[in-house]
């Protein structure tokens, strides 16, 4: 019998890559999407629309992690062997504006799934998508599985709750429940409001004359950026390890937002020069035309200055390591964006 996987948050970047990965592994994949007046399945349309070619191996269901009855009914109906919880209000800035909704989805969503697993079938394996944002105001660099959390946003705080409730259900009810603490991971499927995609889209449009300027916040914030396609493989490896556990998934290297901008500009053969300091720092194209400015409204209320992961445990136990570096990631994102323009 084929393994059945259930993905909450299948229409997001990670859900799309994970569903494709699992289909190649021979799984039957069921995905949960929220009811909306907008069609938001574009990331998985290539594998969902042609049902006859795919022999109906991918199924979509309406549901919502904020609705306990919806969650329990889906798990009872589908009877999955593995559940991947990727559903979340995942934008840090938005979490300050909607803290209660963020807590309801990010913190209580996984609790509802775990509670349903406890009720219907404790043999179901559960993956919880953690975030490097949980480390926040870091105690050490690089961060590993034993580094204490110091979250700096409602989103990160909710993720910390989700992490520990997953550990608690694992230890209290003997459920195979694991956390993947994933550092920033990007791709051509990344949402437009995330800084990497925002940079790529803007510079591509500036290059061809469709946009005049890009506005950013703290260009000195450093992040450990990997490719989402690598990271969904890690998710699967975590759930197929011999025992439930928690793993850091990262590249072990970090770059500032400013460095990311410079690498994208280099790929686009745009010669940019930075002038000024702090909020007044600007980037000029060919030393004349200002194309990037910093704006106070894009700075976080509580900044997270540097995140860099140590994936040694995943490398040793899961035999996982990233296959792409930041240049490969940027090439992928830029080339995909240029095709759209």
Open item on the list: Just to check your reading of the model, which residue among 193, 141, 147, 166 is at pLDDT 95 or above and either within 19 Å of the chain's Cα centre (by Cα) or not in a loop (DSSP other than H, G, I, E, B) (or both)?
Closed with: 166
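Name the one entry in 289, 296 that is more than 29 Å from residue 148 (Cα to Cα) and touching a helix residue (DSSP H, G or I) at 6+ places or on another chain (Cβ under 7 Å).
Numbers: 289 fails: touching a helix residue (DSSP H, G or I) at 6+ places or on another chain (Cβ under 7 Å).
Checking each option against the conditions leaves just 296.
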- [ ] Give just the number: which of (1) out of contact with any strand residue (DSSP E or B) (no Cβ under 8 Å at 6 or more places or on another chain); (2) touching a residue at least 12 places away in the same chain (Cβ under 8 Å) does residue 211 not satisfy?
- [x] (2)
TODO: Please verify whether the range 244-258 includes one or more residues that are more than 30 Å from residue 26 (Cα to Cα) and exposed (fewer than 13 other Cβ atoms within 10 Å of the Cβ).
DONE: no
Open item on the list: When the residues of the range 115-137 are narrowed to those that are in contact with a helix residue (DSSP H, G or I) (Cβ under 6 Å, 6 or more places away or on another chain) and closer than 29 Å to residue 306 by Cα, which ends up surrounded by the fewest Cβ atoms within 10 Å (Cβ to Cβ)?
Closed with: 136
Task: Conditions (1) touching a helix residue (DSSP H, G or I) at 6+ places or on another chain (Cβ under 9 Å); (2) exposed (fewer than 15 other Cβ atoms within 10 Å of the Cβ); (3) not in a loop (DSSP other than H, G, I, E, B): number failed by residue 77 - done: (1)
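Would you mind finding the one in 46, 14, 50 that is within 25 Å of residue 227 (Cα to Cα) and either modelled with pLDDT under 95 or exposed (fewer than 12 other Cβ atoms within 10 Å of the Cβ) (or both)? Before the answer, list the steps.
On the way: 14 fails: either modelled with pLDDT under 95 or exposed (fewer than 12 other Cβ atoms within 10 Å of the Cβ) (or both); 50 fails: within 25 Å of residue 227 (Cα to Cα).
Step by step, each of 46, 14, 50 is checked, and only 46 is within 25 Å of residue 227 (Cα to Cα) and either modelled with pLDDT under 95 or exposed (fewer than 12 other Cβ atoms within 10 Å of the Cβ) (or both).
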Task: The one condition in (1) closer than 23 Å to residue 35 by Cβ; (2) more than 19 Å from the chain's Cα centre (by Cα); (3) not in a helix (DSSP H, G or I) that residue 112 fails to fulfil - done: (3)
- [ ] Kindly establish whether residue 243 is at pLDDT 95 or above, within 18 Å of residue 318 (Cβ to Cβ) and in a loop (DSSP other than H, G, I, E, B).
- [x] yes
- [ ] Tally the residues that are touching a strand residue (DSSP E or B) at 6+ places or on another chain (Cβ under 7 Å), crowded, with 17+ Cβ neighbours inside 10 Å and either assigned to a loop (DSSP other than H, G, I, E, B) or free of Cβ contacts under 8 Å to residues at least 40 places away in the same chain (or both), restricting the search to the range 284-307.
- [x] 1
- [ ] Would you tally the residues in the range 308-331 being surrounded by fewer than 19 Cβ atoms within 10 Å (Cβ to Cβ), outside any helix (DSSP H, G or I) and in contact with a helix residue (DSSP H, G or I) (Cβ under 8 Å, 6 or more places away or on another chain)?
- [x] 4
TODO: Determine if the range 149-165 includes at least one residue that is more than 24 Å from residue 232 (Cα to Cα), surrounded by fewer than 19 Cβ atoms within 10 Å (Cβ to Cβ) and in contact (Cβ under 8 Å) with a residue 40 or more places away in the chain.
DONE: no
Open item on the list: Restricting to the range 169-190, name every residue that is out of contact with any strand residue (DSSP E or B) (no Cβ under 8 Å at 6 or more places or on another chain) and either part of a helix (DSSP H, G or I) or under 19 Å from residue 228 (Cβ atoms) (or both).
Closed with: 171, 172, 173, 188, 189, 190
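The values are calculated or read from the model by the stated rules, or taken from the named source; none is laboratory data. In this text, all values refer to a predicted model and were calculated from it rather than measured experimentally. Virtual Cβ from ideal backbone geometry, glycine too; neighbours counted across all protein chains shown.
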